[in-house]
Structures are given as structure tokens and as C-alpha cells.
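In what follows, a single structure is set out as C-alpha cells and then discussed.
The values are calculated or read from the model by the stated rules, or taken from the named source; none is laboratory data. This one's a predicted model, so the numbers in the text were calculated from it and none came from an experiment. Using ideal geometry, Cβ is built from the backbone for each residue, glycine included, and neighbour counts are taken over all protein chains shown. Keep in mind that these areas ignore ligands, DNA and RNA; they rest on the heavy atoms of the full protein, side chains included. Shrake-Rupley method; radii C 1.70, N 1.55, O 1.52, S 1.80 Å.
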Amino acid sequence: MANTPATSTYTARRLTVPLNRPYGDAVRTFERLVPAVDAASFFKLDTWDAVVQHMSEEAPHGFLRYQSLDISPFMAASGAAGECVVYLMGNHVIAERMYRHDHSVMLYAPLRLLIHADASGQAVFVIDQPSTLFASYHDPAITAVGHELDEKVSALLVALDAQPPAELA
């Protein structure tokens, strides 16, 4: 079966959450709450236990920023003005608990999210609900981690002074 192509069809739930603060303030706050990964410091660690300990110290809300991309400059010449930054946010210690079952979970880990400014300049947080992405693997161990990530995203939204969607509970 390994040589047979496979397809999966699933439903994801996109969550759009007003952050009730100006875009610039929301981005600065998010980036403080979700610090950038210092890959060099992780690569110096020689055991998985050390990696786990380091992650617990470096990710105060359970997540690190692996990448960010400010989309705005790429769209400016089109006339489609607006502020928008896309992030890859995750926790490789948590991701490993899914990766050991199916490497393709890395399509969704780190989590992809964005913060954009609405028409009035207020920030909006948008993410696909982790549990809906990871449930598509039909593996109880992977699905359980997806639900754990829902809880972590909910807690992050609370730390951002936002109202988490009920679906994350």
C-alpha cells in the first residue's frame, strides 16, 4: 500500500477573533507572548530531556514563533492595502508527539496563523482550529494533541485579552 497514492478529504474550522486593539499593538503583544525560536540554542542541547526543559523555559504560553512574514509590502503595489503578518507558531516538543505517528502532520505543525488589520485598523487573529486539522489523520493519539493545541490557542487568546471562540473549549 505504501506505493499507492492516497487522498483525504476533511473539514477544517477557521477561527476569526477580534483582538480589540490596534494592529501594531496586537502584533507587538503577540510577539512578546510568543517569542521567536532561538534555533541555535536548541541545536546545542544533547538530549531530548534537555530540549523539553529548554522549551518549557523559552515558550511561556506553550508556543514559539518559527517564522513570520509581513505580507503588506508584497501587496502594496496591487492597491490591496492593509496590514497583515503571517506566522508559523508551534512547539516542537508537542509536535513530536504527533510526528512519531505520522510525519505528514508537519503540514500543520507549526500552526499557521495571521494577524491583520480590519477596515478600522483593529487587529484580527485568524487560525484554522488545530483539532480539526489533526483529526483528519484518524489517529486518536494525533487527535488528542490537536485538542491540547486548541486549549493552548484559547489560553493564548486570553493572554491577548481576546474572547476565545467556544469551539476551542
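For the reader, a short list of remarks on this structure follows.
- Distance from the alpha carbon centroid of the stretch 94-138 to that of the stretch 1-48 works out to 6 angstrom.
- Net charge, Ala162 excluded, C-beta distance under 13 Å - Lys, Arg +1, Asp, Glu -1: -1
- When you count the other C-beta atoms within 10 angstrom of each residue and take the mean per peptide, 42-53, 108-119, 3-14 line up highest first as 108-119, 42-53, 3-14.
- Cβ-based charge dipole, the chain, positive-most Cα from Leu107, Leu168, Ala59: Leu107
- Near Pro130, once Lys and Arg are set to +1 and Asp and Glu to -1 for all other residues with Cβ below 9 Å from its Cβ, the sum equals -2.
- Other residues with beta-carbon under 13 Å from the beta-carbon of Met106 carry, at +1 per Lys or Arg and -1 per Asp or Glu, a net charge of +1.
- Taking a ≥ b ≥ c as the square roots of the eigenvalues of the Cα gyration tensor, the stretch 6-54 is oblate, since a/c reaches 1.5 or more and a/b is not larger than b/c.
- Expressed as a whole percent, the accessible area of the stretch 1-138 that falls on carbon and sulfur atoms is 55 (1.4 Å probe).
- Which label in (1) 71, 38, 34; (2) 50, 39, 34; (3) 44, 38, 29 gives the computed Cα extents along the principal axes in Å: (2)
- Rolling a 1.4 Å probe over the protein heavy atoms gives the chain an accessible area of 57 Å² per residue.
- Think of each Lys and Arg Cβ as +1 and each Asp and Glu Cβ as -1; about the Cα centre, that makes the dipole of the stretch 98-168 roughly 180 debye.
- Computed about the Cα centre, the dipole magnitude for the chain is approximately 240 debye when only Lys and Arg (+1) and Asp and Glu (-1) carry charge, each at its Cβ.
- Under 5 Å between amide hydrogens, built in the peptide plane, is the criterion, and for Arg21 it picks out Ala123 among residues at least 5 positions away or on other chains.
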